[in-house]
Amino acid sequence: MIQRFRENRRLQGFLLILPTLLVMVVMLIIPLTLTVVTSFGQRDADGNVIYTFTLENYWRLIGFTEQGWDDLYLRILLRSLWLALQTTVIVIAMAYPLAYFIARAPEKRRNSLLFLVLIPLWTNFIIRIYAWVMILRGQGVLNAALGGVAGLLSIPFQPLDLYPSQGAVLIGMVYEFLPFMILPIYTSLEKIEPSLYEAAADLYANAFRTFWRVTAPLSMPGVVAGTILTFVPVIGTFVVSDILGGRQVILVGNLVQRQFLDARNPPFGSAASIILLLMTLGLTLYYTRRFGLGEEIAAG
């Protein structure tokens, strides 16, 4: 029996993946199936789920209701996509130069610089968000500093109205997800062989052409990975928008949360969850197929 087990590669592989497979089925497949089933249901007057088959929840999300056209939830979906896109673009613009600087720094300093990037992650997520409330509010640190500088220069100063607002939510999103873009880009940049830069110099390529033809293509897998790690969580988050938006900036994540906890409407919340899942899955598949995830990017 033991001998047959040693010779059966398929059985060995199945036993190796069995624990992970069980976790995925229990923690992912079954909950997702229940969410899909619930999304086609209705709720009764007490907030309980009636398991029927109706597309009413999905039509309502798109804007078609019994009372007529209402684009409230459609605007929430578009707002979430726009905010996630803004966050991702800004994070890439900020993370790439910093990751490049760390990757080109002397080897002895790299660990220290990466350590500084990771320090904010040691603090609780909620505490970091509330810190931005103290910075951005009317009587916060930012307005106090700007007011002090304006007073020294004898310039009239009106406190900035940054909190609560969608701009504050954007700032919080960028701050929270910046490390998740820096690390994968740094990993790609750090793997680039110095001999490639020497070869580019031998071919009389200037700094711009070297970056465009060597650095950028070889670092694209890190940009793609960082984009996925940023875009997908941003589009579904609700804590940042609740705190920095003062519960006024509603995203898809807030919609799902409130339908389950406040409105007691699990079918509609489940439908919103499925729409969110399909949006992120579709955009992720398009992005990875368009730009790839492997070394074939460099060849392109």
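For ARG43, the residues whose modelled amide H falls within less than 5 Å of its own, excluding neighbours fewer than 5 places apart on the same chain, are ILE50. The charge dipole of the chain, taken about its Cα centre with unit charges on the Cβ of Lys, Arg, Asp and Glu (plus for the first two, minus for the last two), comes to roughly 600 debye. Under a 5 Å amide H cut-off, with hydrogens placed 1.01 Å from N, THR65 pairs with ASP70 among residues at least 5 apart or on other chains.
Using the Stokes-Einstein relation with a Kirkwood hydrodynamic radius computed over Cα pairs, the translational diffusion coefficient of the stretch 1-142 at 25 °C and a viscosity of 0.890 mPa s comes to 111 µm²/s.
Can you quote the Å³ per residue value for the convex hull of the Cα atoms in the stretch 138-191, rounded to an integer? Present the calculation step by step, with values, prior to reporting the outcome.
Working: hull volume 6.0 nm³, N = 54.
Taking the convex hull of the Cα positions in the stretch 138-191, it is 111 Å³ per residue.
Label zone of TYR51 (point 7 Å out along Cα→Cβ, amide N under 20 Å): in the stretch 21-37 this covers 25-37. For the stretch 175-267, the residue among VAL214, ASN265, PRO194 whose Cα projects farthest onto the positive side of the dipole built from Cβ charges is ASN265.
So if R0 is 41 Å, what FRET efficiency would ASP44 and ILE92 give, r being the distance between their Cβ atoms, rounded to the nearest 0.05?
On the way: r = 47 Å, r/R0 = 1.14.
Working from the Cβ atoms, E equals 0.30.
Between the stretch 183-248 and the stretch 56-77, the C-alpha centres lie 37 angstrom from each other.
Computed 3J(HN,Hα) for the stretch 178-183, one whole-Hz value per residue from the Karplus formula 6.51 cos²θ - 1.76 cosθ + 1.60 where θ = phi - 60°, is 4, x, 6, 9, 5, 5, glycine and proline marked x. Packing order of peptides 244-251, 71-78, highest average first: 244-251, 71-78 (average count of other Cβ atoms within 10 Å over each peptide's residues). Residues in the stretch 96-109 carry Karplus couplings, in order, of 4, x, 5, 5, 5, 4, 5, 5, 8, 6, x, 4, 5, 8 Hz; the curve used is 6.51 cos²θ - 1.76 cosθ + 1.60 with θ = phi - 60°, and Gly or Pro positions show x. Within the set (i) 42, 22, 15; (ii) 38, 35, 19; (iii) 34, 20, 18, the number that semi-axes √(5λ) of the Cα gyration tensor in Å takes when calculated for this structure is listed as (ii).
Kindly state, to the nearest 0.05, the FRET efficiency for GLU66 paired with LEU281, given R0 = 22 Å and r defined as their beta-carbon distance. Mind dumping the intermediate values first?
Numbers: r = 30 Å, r/R0 = 1.36.
Computed FRET efficiency for GLU66 and LEU281: 0.15.
For the stretch 119-133, the Karplus equation 6.51 cos²θ - 1.76 cosθ + 1.60, evaluated at θ = phi - 60°, returns couplings of 3, x, 5, 6, 8, 4, 3, 5, 4, 5, 5, 5, 4, 5, 4 Hz by residue, with Gly and Pro reported as x. The residues of the chain expose on average 62 square angstrom of accessible surface per residue, using a 1.4 Å probe on protein heavy atoms. Each Lys and Arg Cβ is given +1 and each Asp and Glu Cβ -1; about its Cα centre, the stretch 19-127 then shows a dipole of about 880 debye.
The length gained on full extension between LEU32 and LEU160, counted as 0.36 nm times the residue separation minus their Cα-Cα distance, comes to 41.7 nm.
Selection among TYR130, ILE119, GLY41 by position relative to the dipole of the stretch 17-157 gives ILE119 as farthest towards the positive end (Cβ unit charges, Cα centre).
Approximating the spin labels as points 7 Å out from Cα along Cα→Cβ, the LEU146-to-LEU118 distance works out to 3.6 nm.
Charging the Cβ of each Asp and Glu at -1 and of each Lys and Arg at +1, and nothing else, the dipole of the stretch 128-265 about its Cα centre rounds to 380 debye.
The values are calculated or read from the model by the stated rules, or taken from the named source; none is laboratory data. No experiment lies behind these values; they were computed from the predicted model shown. Positions of Cβ are generated from backbone atoms using ideal geometry, with glycine treated the same way; all protein chains shown enter the neighbour counts. These area figures cover heavy atoms from the full protein model, side chains too; ligands, DNA and RNA do not enter into them. Shrake-Rupley method; radii C 1.70, N 1.55, O 1.52, S 1.80 Å.
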